[in-house]
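Contents: one structure, followed by commentary.
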Amino acid sequence: MSINETVLEMHYHQALMDLFRSVFGVGPSGKISFYKYSPQKECFVGFDQAWVMTDVSDDKLFKDLKDAAQNNSYNLNERYVGYFLQYKVVQRMTRHSKKNPPPVKSAQFGRSKISSQANLHTGQSQHELLFNLCKNKNALTYYACPAIFDKAELYIKDVDLDTLHLVDVASCPGDFTDHKKHHIFFDLPSMRPTWCSEPVEGHSITPEALATSLRTRLLESPAAEAERLLGCVRDLRGTQRERAGLGAAATENLEGALQALTILKVDIPG
């Protein structure tokens with residue numbers, strides 16, 4: 001078995017499911033749902049997986065994503081709040097060259113290849129789709145780049161989400177439609193990202209930091225609801241690593257947070 005994008009998705013899936021379940025609630029009883037499309041569909045939307053807050057059906061969501069990607073530069077008409085992830089393998093490199101970006105100073109460094117070649121079926125590259133998707137203020141779009149360089153690390157029972165570095169596509173300098181080779185370089189061991197070929201420092205966060213990224217979205221909501229949700233999220237963050245279930249007080253806070261999240265999704269100004 002080699003380390004590839006599918007293997008990395010499988011490795012982190014349950015840990016991410018536990019994280020989103022503890023913070024938001026997932027599935028029919030929660031306010032956020034998981035989406036994973038087949039390779040035949042994935043080429044139209046550009047991402048491996050998504051976690052989305054919406055009341056529309058699965059078919060409606062895919063249709064909206066596909067239509068927006070193909071017809072209007074991925075400008076979503078419906079109001080969704082979602083995290084969109086595209087996994088990338090990080091190769092550990094030991095030989096420096098003149099092409100290495102200036103910020104990469106470590107003896108060893110990481111490198112992930114960006115898919116910037118146009119797809120024959122869509123006429124757009126994966127990166128172009130992701131770059132356009134991230135322009136929607138509620139589509140938090142990331143390259144999921146794990147610091148995993150040895151197959152033995154895939155057998156660890158307790159998956160450490162801190163090893164999954166989410167590089168914000170919004171920090172990328174462009175859509176890379178020049179059909180040249182582009183990469184993300186990582187300084188090791190910090191995993192600080194740099195976009196190439198023209199070096200631009202990138203920005204990355206951990207999965208658990210996704211919860212705090214709601215803060216900027218809340219500032220656009222009514223002040224009372226924003227403060228209410230912030231308080232609930234603060235209470236719930238302490239439960240992210242717990243597996244034994246929520247107590248009565250936390251459960252009450254969770255219900256309040258989910259109501260506020262619904263208001264967040266509907267009432268954000270266009």
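The values are calculated or read from the model by the stated rules, or taken from the named source; none is laboratory data. Remember, it's a predicted structure, so these values are computed and weren't measured experimentally. Please note: Cβ atoms are built from the backbone with ideal geometry, for glycine as well, and neighbour counts cover all protein chains shown.
Looking across 187, 158, one residue alone is charged (D, E, K, R), farther than 29 Å from residue 125 by Cα and either without any contact (Cβ under 8 Å) to a residue 60 or more places away in the chain or not assigned by TED's automatic domain parsing to the domain that holds residue 139 (or both). It is 158. Any residue at all in region 7-29 that is farther than 14 Å from residue 81 by Cβ and touching a His at 6+ places or on another chain (Cβ under 8 Å)? No: zero hits. Would you check which residues across region 108-150 are more than 15 Å from residue 204 (Cα to Cα), modelled with pLDDT of 90 or more and charged (D, E, K, R) and list them? Scanning region 108-150 gives 113, 128, 135, 150. Scanning region 128-176 for residues that are closer than 20 Å to residue 187 by Cα and assigned to a loop (DSSP other than H, G, I, E, B) gives 147, 148, 149, 150, 160, 172, 173.
Give 67, 48 a once-over and let me know the one that is modelled with pLDDT of 90 or more and in contact with a Leu (Cβ under 7 Å, 6 or more places away or on another chain).
Checking each option against the conditions leaves just 48.
Let's see how each residue does on (1) surrounded by 12 or more Cβ atoms within 10 Å (Cβ to Cβ); (2) touching a strand residue (DSSP E or B) at 6+ places or on another chain (Cβ under 9 Å); (3) not polar (S, T, N, Q):
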position: 19; (1), (2), (3): yes, no, yes
position: 27; (1), (2), (3): yes, yes, yes
position: 43; (1), (2), (3): yes, no, yes
position: 46; (1), (2), (3): yes, yes, yes
position: 68; (1), (2), (3): yes, no, yes
position: 72; (1), (2), (3): no, no, no
position: 88; (1), (2), (3): yes, yes, yes
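Is it the case, given these coordinates, that residue 167 is touching a Gly at 6+ places or on another chain (Cβ under 6 Å) and of a type in the set (Val, Ile, Thr)? The answer is yes for residue 167. Can you name every residue in region 177-193 that is assigned to a strand (DSSP E or B) and either buried (at least 19 other Cβ atoms within 10 Å of the Cβ) or of a type outside the set (Asp, Glu) (or both)? Those that are assigned to a strand (DSSP E or B) and either buried (at least 19 other Cβ atoms within 10 Å of the Cβ) or of a type outside the set (Asp, Glu) (or both): 182, 183, 184, 185, 186, 192, 193.
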